[in-house]
Structures are given as structure tokens and as C-alpha cells.
1. Give region 243-269 a look and list any residue that's in a helix (DSSP H, G or I) and either over 20 Å from the mean Cα position of the chain (by Cα) or more than 22 Å from Cys151 (Cβ to Cβ) (or both), or say none.
2. Of all residues being more than 15 Å from Asp90 (Cα to Cα) and in contact (Cβ under 8 Å) with a residue 60 or more places away in the chain in region 1-30, which is surrounded by the fewest Cβ atoms within 10 Å (Cβ to Cβ)? Just the residue, please.
3. Can you say whether Ser30 is farther than 21 Å from Asn208 by Cβ and modelled with pLDDT under 95, as far as the supplied structure shows?
4. Given the criteria assigned by TED's automatic domain parsing to the domain that holds His96, modelled with pLDDT of 95 or more and of a type in the set (Phe, Trp, Tyr), does Phe178 qualify?
Amino acid sequence: MASLSVIIPLFNKEKNIVNTLTSVCNQTYSDFEVIIINDGSTDASIKNISVINDDRIQLFSKKNEGVSIARNFGAEKAISNYIVFLDADDYWHPNHLNNLFELINAFPNHLWFASAYEKKRNKQLTTKMDSPILEKGKHWIGEVDDFFRYCFKDSLVNSSSVCFKKDFFNSLNGFDAFTTHTEDIDLWIRAALKSPLVFSNKITARHNLDASNRSSIKQLQERNYIDFDKFIKDENKNSSLKKYLDLNRYSLAIIYKLHGDTHSFKNIINKVEIKNLNKKQQFLLKQHRYILRLLFVFQELLEKLGVRLSSF
């Protein structure tokens with residue numbers, strides 16, 4: 001039996017899936033199975049997969065129901081005790097699975113694990129994740145003492161850098177099927193409230209923000225987001241979680257304002273403690289949506305020139 005099950009949800013990623021799958025097959029650690037869940041793709045994704053001949057790969061097809069259900073379906077098919085997720089347009093460095101397996105061996109009683117990652121924003125700009133945990137040094141591994149405090153800028157985990165003990169993932173009921181965007185944040189919160197994360201500062205995964213089939217602001221506004229209110233009792237007892245949720249509320253509020261949804265904007269921003277936002281974020285919240293759009297266009301232009309600006 002394979003020691004790791006790699007789960008790849010796939011929907012219309014014909015330009016990226018071969019590169020992604022090749023990065024899996026080229027891992028230095030080889031004791032794994034690959035479970036691809038074709039979530040109703042209508043492009044050439046499945047045809048393109050056929051160029052890769054590896055008997056560790058299994059393909060399952062189903063109707064399109066969203067990434068959460070696809071990931072959960074993949075977890076049901078997994079035969080290993082540990083499941084690893086990878087988005088169909090992201091990339092692993094060759095040592096990624098070996099790094100995760102070393103974490104599992106070093107902390108055998110823990111339930112979820114992750115390695116540091118980088119973000120490919122475009123051809124000119126790739127940046128490492130932004131978290132104070134990296135200040136511990138690139139060779140640091142260990143149990144994270146305050147998950148949310150380390151996630152104020154970038155999350156410690158993303159959907160292409162995380163590994164779960166399968167029993168723990170099942171006990172959390174997996175990804176929330178109703179949530180069609182920020183479904184990963186919802187799971188990370190529920191996991192962190194139950195068990196400490198084991199983390200490695202080695203950057204072994206790449207999140208591809210420059211991939212095809214990324215969502216526009218309009219598409220993002222129309223999706224179902226995490227219900228922050230279900231964590232109210234927890235955030236009232238945990239100041240780090242409160243700030244983490246407020247920063248995510250801020251990000252969602254900006255999307256609502258950009259789309260002109262004043263009602264949703266006011267509803268969510270009224271639940272934010274302004275002291276949890278920096279001066280730049282407070283300034284952006286006060287701007288008209290047309291000013292925000294111009295600022296985002298300017299940000300995209302700078303990124304194409306290799307310069308990264310953010311509200312942090």
C-alpha cells in the first residue's frame with residue numbers, strides 16, 4: 001500500500017495539468033498513488049494527461065460539482081493513511097513529498113503537516129510566502145504554537161502544500177461542499193482549532209497565480225464564501241483568530257466594494273475591529289470602488305514589472 005495519496009481535483013486546466021502532473025511524477029520520494037478527480041472538464045485536460053505514462057496515476061470522472069466535493073471524493077478513493085492535495089495548476093519541487101514524509105516520521109502523533117511555499121504571480125515575479133515563521137530559518141521544522149498569528153499575511157498552508165492524516169481529515173468532514181470559495185480557509189481554521197500544525201520552512205511547493213482559468217472579481221463576488229460567524233465563540237476567546245478572521249473579512253469586503261455590493265460590504269465590515277487592520281487597509285476601505293479598481297490595475301502593472309505591492 002502506498003504511504004501517501006496525492007489528490008488532484010481537475011476542471012479545465014488543459015494548459016497546466018501536464019506540468020503539474022510531471023512535477024508529481026518527478027518527486028524524489030516515490031511511494032505514493034495519484035488520484036485525479038476529473039470534475040466535469042470540457043477542455044482537453046483529460047486528453048493531455050494521456051501523454052504521461054505512470055502506473056501510480058488513477059483517473060476518476062464525475063459531473064462538475066466544485067473543488068470541495070472533488071477533493072472529498074478523492075479522499076474517499078485514497079488507500080493511504082495520509083492524503084496530500086495539489087491543485088491542477090500548481091507545482092511541486094522534487095523534494096516536496098520527501099519533506100512531508102520526514103515531517104510525518106519526526107512527529108508521528110500529529111495529524112496535519114505543511115511545508116512553506118512560493119507564489120508565482122506572473123512570468124517576472126515569484127515571491128515566497130509572507131509569514132514571520134520564516135524568520136526561524138529555512139531549515140526549521142516543528143509544531144506551530146499559534147497557527148493564526150502566523151497567518152496574518154499569508155496562510156501557513158495552502159491547498160497544494162498540506163498533508164492530512166486521513167482519519168483526521170474525515171473527522172473534520174473534509175472541505176465544506178457549500179463553500180465554493182475560501183473553502184480552504186474554512187478547513188484550515190477547523191483543523192487548527194482541533195490540532196496543532198507541524199510545519200517545515202523549506203519551500204517545496206509553488207502556488208501558480210498566473211495560471212489559466214483563474215477567477216475574475218465578478219466571478220469571485222458570485223461565489224459562496226466561508227461563514228465567518230460560525231467561529232464567533234472561538235474568536236471571542238482567541239485574539240489571534242479574531243484578527244485573522246477580521247483580515248479575511250477585510251479582503252472579502254474589498255471584493256464586495258469592487259462589485260458595488262454595498263449591503264454585503266456594510267454587513268461584513270461592521271463585524272471587523274478596525275484596530276486589527278493597518279492604516280493602509282483602513283484607507284482602502286474608505287475609497288470609492290472606481291478608485292480601488294484603478295489601484296488594482298496599477299498593482300497588476302507593477303507586478304508585471306516585477307514589483308510587488310500589497311495592503312500589508
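The values are calculated or read from the model by the stated rules, or taken from the named source; none is laboratory data. The structure displayed is predicted, hence computed values, not measured ones. In this analysis, Cβ positions are derived from the backbone assuming ideal geometry, glycine residues included, and neighbour counts consider all displayed protein chains.
1. First, pick out the residues of region 243-269 that are in a helix (DSSP H, G or I): 243-259, 262-269.
Within region 243-269, Tyr256, Lys257, Leu258, His259, Thr262, His263, Ser264, Phe265, Lys266, Asn267, Ile268, Ile269 meet the criteria.
2. Across region 1-30, the extreme among qualifying residues is Met1.
3. no
4. For Phe178, the condition - assigned by TED's automatic domain parsing to the domain that holds His96, modelled with pLDDT of 95 or more and of a type in the set (Phe, Trp, Tyr) - is not met.
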